[in-house]
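Visitor: My questions all concern the structure below.
Just so you know, all these numbers are worked out from the coordinates, no wet-lab data involved. Values in this document were obtained by computation on a predicted structure and should not be read as measured data. Cβ sites come from the backbone with ideal geometry, for glycine too, and all protein chains shown count toward neighbours.
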Amino acid sequence: MQAPSQPIFNVPAIVVLTLAVLCIVHGVRELVLSAEADNLFLLYTAFIPARYETGALPYPGGLGADAWTFVSYAFIHGGLMHLGLNALWFLIFASPVARRFGTPRFAAFFVATAVAGALAHLATHRGDPSLMVGASAAISGFMAAAMRFAFQRGGPLGLLGRQDDLAYRVKAASLVASFRDPRIVAFLAVWFGLNLLFGSGVVSVGDDEQPIAWQAHIGGFLAGLLGFSLFDPVRDAAGDGNHGVGADLVPPQG
């Protein structure tokens, strides 16, 4: 008997839905809203550190926007290149995490890493009236989460990698074991190095002169790396104590 064929593109539905929302939001801004309406939309949805300064002039949306912009900014992008690059990285790194976490945990993780990115940006840009948009902080969190299990033996990027559902249920590496894995250390060095280059202005993306919110990237990444165990449904696998990387496959829960 032949094994059932796998579709070439097998992207989790929640990833497709998120990408669709990102594209719809950008399409409405570009094709439907006037320049004035778009500016107002951004004031309601982009993350603006100056909102939180004591004595600052009130921004549209009031207290509600003070809360929801910690997440809503992640669904907005500054241009087609910004959207395209983020969509590509989101597809690559969010897909394995979605297969492991399931939809509710995936959505909660997206929110948590977006909030962490906004907090990191706020801490380093107090009073700044500039608008921050983009899903990069959440994507950085998904990169960190995927790093915790994708390189494991039997995982999708391991030496004996597999592509069935169990590949995404392997035991995750502890934080201690992660920092002992040369592949993960190399990945971290390159990732943090690139963000430092972005922050210094040595490297830019496209012709846009807008600065890259690299502090938000780091905030989202650290939240994904350190908070992974809080969302991971594979029990007894992602504890952050001092144990080995673990190679046993763990059956899906419930």
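Visitor: Between M81 and L230, what is 0.36 nm times their sequence separation minus the Cα-Cα distance? Round to one decimal in nm.
Guide: Gain in length upon complete extension: 50.3 nm.
Visitor: Same structure again: Lys/Arg Cβ at +1, Asp/Glu Cβ at -1, dipole of segment 25-105 taken about the Cα centre: which of L40, G55, G102 is farthest positive-ward?
Guide: Result: G102, furthest along the dipole toward the positive end.
Visitor: Testing the spin-label approximation: label points 7 Å from Cα along Cα→Cβ at F179 and N10. State their distance in nm.
Guide: Each label point lies 7 Å from its Cα, and together they span 3.6 nm.
Visitor: Moving on to the next point. I need the peptides 38-51, 112-125 ranked by packing, meaning the mean over residues of other C-beta atoms within 10 angstrom, with the highest value on top.
Guide: 112-125, 38-51
Visitor: Follow-up question, since we're still on this one. Please give the contour-minus-distance gain from A35 to T124: 0.36 nm per residue of separation, less the Cα-Cα distance, rounded to one decimal in nm.
Guide: Length gained, A35 through T124: 29.1 nm.
Visitor: With a 10 Å radius around each residue's Cβ, average the other Cβ atoms per peptide and rank 58-69, 12-23, 128-139, highest first.
Guide: Result, highest mean Cβ count within 10 Å first: 128-139, 12-23, 58-69.
Visitor: In nm, to one decimal, how far is the A186 label point from the W89 one, both placed 7 Å along Cα→Cβ?
Guide: Going from the A186 label point to the W89 one covers 2.0 nm.
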